[in-house]
Amino acid sequence: MGVSDRLTVGLLAAQLTARVPGGTGRYTRGVLEALAATATPERSVEVLLPLGPLPVGLPPVPVRRVAGPDRLLARLWERGWPPRVQGVDVVHAPTLLVPPVAGDTRLVVTIHDVVPWSHPLTLTPRGVAFHRRMAERAARTAAVVVAPSHTVASSLREVLGPRVDLRAIPPFLPRLPAAESSASLRSRLGAQGEYVLFVGTAEPRKGLDVLVPAMAAASLADLTLVVVGPRGWGDVQVDALAAAAGVADRVCVTGRVDDAALAGLYDGARVLAMPSRAEGFGLPVVEAMSRGVPVVTSDDPALVEVGGGATLVTPVADVDALAAALARAAATGTDRERLVRAGRERAATYSTDVTVDALWSLYAEVAGVSTGRGPTGGSG
C-alpha cells in the first residue's frame, strides 16, 4: 500500500456477542471505545460483526457485517476459508478468531496468553487445538501480533518462532461508572461484612480451588469472599468448594454484574485476590489498584509484571501462603498503607492515551499511512 493521508481500521468485535465475553470481551470493548473516541476524519474505525443481534452499547461508529454467524466463522476461518475481510486498511482481530484478509488489507492480531501451550489442561481439548492452530496462522499471516505484556510477548516468541513481529501493548483500563454504595451492594447481593474480592470467569486456571480453601484460615475468619464473574467451562463449583472447606456461610457468588456494581464492589473490598495459574495480563489487578484496593496475586509471571512490585505475591496453588498474604493485606497498618499507595502509583502508569496512541501508530505503520499528526490531535 502506498503512503496516503487516510487510515481506516476494522475492529473484529465478535467477542462482544459471545455467551461468556470474559476478559477478552472487556479488552475488545476497551479497544473499540478508545479508537472511537480518538478517531478523526483522517483516522477512522469500523466495527466488524457476524450476522445476528448487535451488542448493547456500541459507540457510534459504522458497523460492517461479515457474512455468517460467529460459530460458523470460527470453523471456516480455522481452515483459512472465506469470507475474507477487505475494504479497510487494517483489520485488528482482538482474539484468536482470525479472519483471512484480501487485497491490500493488513492484519493485526492480539494474542492474550500462552495458556494453550503452558497450561493445556486448564482448557478444553478443542480450545487448545483451536487456539494453537489460529495462533500459528496469525504468526504466518499477520503483519504484527500484539501481546498485552512483555511476559506474553517473550513467551510467544518461544512458541511461535521469530518469523512474527511481536509488540507488547497493554490493554485499556476500563472506565468504570459511578459506583453503587457498598451498603446497597451488600443488601442486594447478600455479602456480609468486610470481604476479599475475586473478579474473573470461574474456570480451572483462575485458582478458585486455592482461594476458597484459603478462606478457612483462622486469620481470615472475619472476612467474606465475594466471587464476581460468569461461569466458564470446567464446571468450577464455588459453592461446593466452599462447603468442602467449611466456609459456605462466608462465600457469596454474584455471577456477572454490571460495571456500576463492579465499581462498588471494588470500592468496598478489603483486598483483591487473583491466584491464577496463568494470565496474560490481569485487568482486575490494575482496576483494584487504581481504586486503592490492595492486591494479592500468584507468582504467574504476567501478574508479577503487571503488579510491578505493588502487590503481594504468593506461589501458585499454595493455600497457606495465599491465606497469610490476604490477612496481611487486609490488616490495618503500614503494610496495607504501602500497598494502597504503591498500587495507585503503579495503576497510573497504565495510560489510556499511551495505549491508544501506540495502537494508532501501529496501524499506520503496517498500512503504510502517514498523516503527520497523532491520533489524539498531537497532544500525546
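The values are calculated or read from the model by the stated rules, or taken from the named source; none is laboratory data. Because the structure is predicted, anything quoted here is derived from the model rather than measured. Every residue, glycine as well, gets a Cβ built from its backbone with ideal geometry; the counts of neighbours run over all protein chains shown. Note: accessible area is taken over every heavy atom of the protein model, side chains too, but ligands, DNA and RNA are not part of it. Shrake-Rupley method; radii C 1.70, N 1.55, O 1.52, S 1.80 Å.
Quick notes on this one:
- Whichever residue in the stretch 274-308 is among the hydrophobic types (A, V, I, L, M, F, W, C) and part of a strand (DSSP E or B) and, among such residues, is surrounded by the fewest Cβ atoms within 10 Å (Cβ to Cβ): Met274
- Within the stretch 125-143, the residues that satisfy the criterion of being open to solvent by less than 50 Å² (accessible area, probe 1.4 Å) and either among the polar types (S, T, N, Q) or in a helix (DSSP H, G or I) (or both) are Gly127, Val128, Ala129, Phe130, Met134, Ala135, Arg137, Ala138, Ala139.
- Checking every residue in the stretch 228-235 against the condition of being buried (at least 22 other Cβ atoms within 10 Å of the Cβ) and in contact with a Leu (Cβ under 8 Å, 6 or more places away or on another chain) gives at least one match.
- When Arg270 is tested against (1) farther than 20 Å from Gly25 by Cα; (2) modelled with pLDDT under 95, exactly one condition is not met: (2).
- In the stretch 309-324, the residue that is nearest to Arg346 (Cα to Cα) out of those that are small (Gly, Ala, Ser) and open to solvent by 10 Å² or more (accessible area, probe 1.4 Å) is Gly309.
- Inside the stretch 68-85, residues that are open to solvent by less than 80 Å² (accessible area, probe 1.4 Å) and in contact with a strand residue (DSSP E or B) (Cβ under 8 Å, 6 or more places away or on another chain) make up a count of 6.
- Residue check for Arg291: of a type outside the set (A, V, I, L, M, F, W, C), under 10 Å from Val196 (Cα atoms) and more than 17 Å from the chain's Cα centre (by Cα): no
- Of all the listed residues (Ser298, Ser276, Ser351), the sole one being within 22 Å of the chain's Cα centre (by Cα) and without any contact (Cβ under 8 Å) to a residue 12 or more places away in the chain is Ser351.
- Some residue of the stretch 105-120 being open to solvent by less than 60 Å² (accessible area, probe 1.4 Å) and either among the acidic types (Asp, Glu) or at positive phi (or both): yes
- Strands (runs of 3 or more DSSP E) wholly inside the stretch 1-113 containing at least 2 residues that are out of contact with any helix residue (DSSP H, G or I) (no Cβ under 7 Å at 6 or more places or on another chain): 7-12, 43-50, 63-66, 90-93
- Of all residues in the stretch 334-348, those satisfying the criterion of being under 30 Å from Ala36 (Cα atoms) and either in contact (Cβ under 8 Å) with a residue 60 or more places away in the chain or in a helix (DSSP H, G or I) (or both) are Gly343, Arg344, Glu345, Arg346, Ala347.
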